[in-house]
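Trainee: Below is one structure. I have some questions about it.
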Amino acid sequence: MSKTSTQTEIPSVLQRFEYKYHISRDMIRPISDFVKAYCFLDKYSETSPNQFYRINNLYFDTPFYTFLKNRLEKKENRFNMRIRSYGENPEPPYFWEIKCKFGENRKKYRVKLNCDDIEKVFYSLKASEEFGLTGTNAKNMDMFQYLALSYNAEPKILTQYDRMAWISETDEYARVTFDANFKAVEERSFNIRPPKEQMESYDTSNIFGTEAQCILELKGSVANLPLWMVDLVKTFDLKSLAFSKFRYGMRRMILNNKPENIWYNVSNYGEIYD
């Protein structure tokens, strides 16, 4: 039996650590060879010709960019909201997600919903009941709608990137992912399908540095940092660096638009450009 045939869904509520590293593309193979002793490719990577698969995220923010502002100000407790899809031409199910940061830890609330009309879901009075959600999924959907209504959230950007993912065989939850080919486009409607001709790259040297074109992430349960991950970091002399797909996708949008009366001050304006 293939290991991926027993791969479980990502939990509806997940609290985890995330460590990110900027690496060059030529480090992907040796790091993959290292983690093979502890992990197997997830089902999407295993079926992809080059072991990378496409991820699309529709991000939301307030009319005054409150979520982005919290990110730039490095607020200890913050969150963002997105709808995730997979593939070049994504089809349902889509994944409605709230990703929260509490200090060094992250908590993700996730709802799998098999509906293509995301605008209808977004503005539904009670989507959890209308689409027959129960238990944690219903609570997560109610939370998404509550936050969207409370903050007057609206679509802002659609981001896209390619991922290779490894899943631990020896830990309850631990993953190693490689993300590359980052693109984004402004998206003011509820479109989940990236317009290829409009997507713009933002994995440039002024963000990553000249020798790094990929984001390596180590993820796992906050209660258990696998020792093999510690060995991985030491073996390849990895240095943790922050990276936000939401922030840099918004950066690309703002570089294009350069609004004159945007909410943030000159110092924040400089930070998002730098």
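Trainee: Can you find a residue that is at negative phi, part of a strand (DSSP E or B) and hydrophobic (A, V, I, L, M, F, W, C) anywhere in the range 109-132? Step through it out loud before you land on a result.
Mentor: We begin by selecting, within the range 109-132, every residue at negative phi; these are 109-131.
Now narrow it down to the ones that are part of a strand (DSSP E or B): 109-113.
Remaining after also requiring hydrophobic (A, V, I, L, M, F, W, C): 111, 113.
The answer is yes, given that some residue of the range 109-132 is at negative phi, part of a strand (DSSP E or B) and hydrophobic (A, V, I, L, M, F, W, C).
Trainee: Right, another one. (1) of a type outside the set (A, V, I, L, M); (2) in a strand (DSSP E or B); (3) touching a residue at least 40 places away in the same chain (Cβ under 8 Å); (4) farther than 24 Å from Gln15 by Cα: which one isn't true of Arg175, the others all being true?
Mentor: (4)
Trainee: Quick test for you: out of Ile23, Ile28, pick the one residue that is surrounded by 15 or more Cβ atoms within 10 Å (Cβ to Cβ) and either modelled with pLDDT under 90 or in contact with a Phe, Trp or Tyr (Cβ under 6 Å, 6 or more places away or on another chain) (or both). Don't jump to the end; show me each part of the working.
Mentor: Numbers: Ile23 fails: either modelled with pLDDT under 90 or in contact with a Phe, Trp or Tyr (Cβ under 6 Å, 6 or more places away or on another chain) (or both).
The conditions single out Ile28.
Trainee: What is the one condition in (1) surrounded by fewer than 18 Cβ atoms within 10 Å (Cβ to Cβ); (2) within 24 Å of Ile10 (Cα to Cα) that Glu197 does not satisfy?
Mentor: For Glu197, the exception is condition (2).
Trainee: Does the range 68-97 hold any residues that are surrounded by fewer than 17 Cβ atoms within 10 Å (Cβ to Cβ), within 16 Å of the chain's Cα centre (by Cα) and outside any strand (DSSP E or B), and which are they?
Mentor: Across the range 68-97, the qualifying residue is only Gly87.
Trainee: Give the residues of the range 42-60 that are over 15 Å from Asp179 (Cβ atoms) and in a strand (DSSP E or B), sorted by residue number. Give the steps one after another, and end with the answer.
Mentor: Of the range 42-60, the ones over 15 Å from Asp179 (Cβ atoms) are 43, 46-47, 49, 58-60.
Result: Leu58, Tyr59, Phe60.
Trainee: Still on this model: Would you please list the contacts, defined by Cβ atoms under 6 Å and residues six or more apart or on different chains, that run from a residue in the range 125-151 that is without any contact (Cβ under 8 Å) to a residue 12 or more places away in the chain to a residue that is assigned to a helix (DSSP H, G or I)?
Mentor: Pairs that qualify, where the first residue is without any contact (Cβ under 8 Å) to a residue 12 or more places away in the chain and the partner is assigned to a helix (DSSP H, G or I), are Ala138/Ser128.
Trainee: Counting only residues that are within 19 Å of Ala184 (Cα to Cα), of a type in the set (Lys, Arg) and at pLDDT 85 or above, how many does the range 214-264 have? It would help to see each step written out before you state the result.
Mentor: So the first thing to find is which residues in the range 214-264 are within 19 Å of Ala184 (Cα to Cα), and the list is 214-215, 242-259.
Adding the requirement that they be of a type in the set (Lys, Arg) leaves 245, 247, 251-252, 258.
Then keep just the ones that are at pLDDT 85 or above; that gives 245, 247.
The qualifying residues number 2.
Trainee: Might you check whether a residue that is in a loop (DSSP other than H, G, I, E, B), touching a residue at least 40 places away in the same chain (Cβ under 8 Å), touching a Gly at 6+ places or on another chain (Cβ under 7 Å) and not aliphatic (A, V, I, L, M) occurs anywhere in the range 184-207?
Mentor: Yes: the range 184-207 contains one or more residues that are in a loop (DSSP other than H, G, I, E, B), touching a residue at least 40 places away in the same chain (Cβ under 8 Å), touching a Gly at 6+ places or on another chain (Cβ under 7 Å) and not aliphatic (A, V, I, L, M).
The values are calculated or read from the model by the stated rules, or taken from the named source; none is laboratory data. A quick note: this is a predicted structure, and the numbers were derived from the prediction, not measured. With ideal geometry, Cβ positions are generated from the backbone for all residues, glycine too; neighbour counts draw on all protein chains shown.
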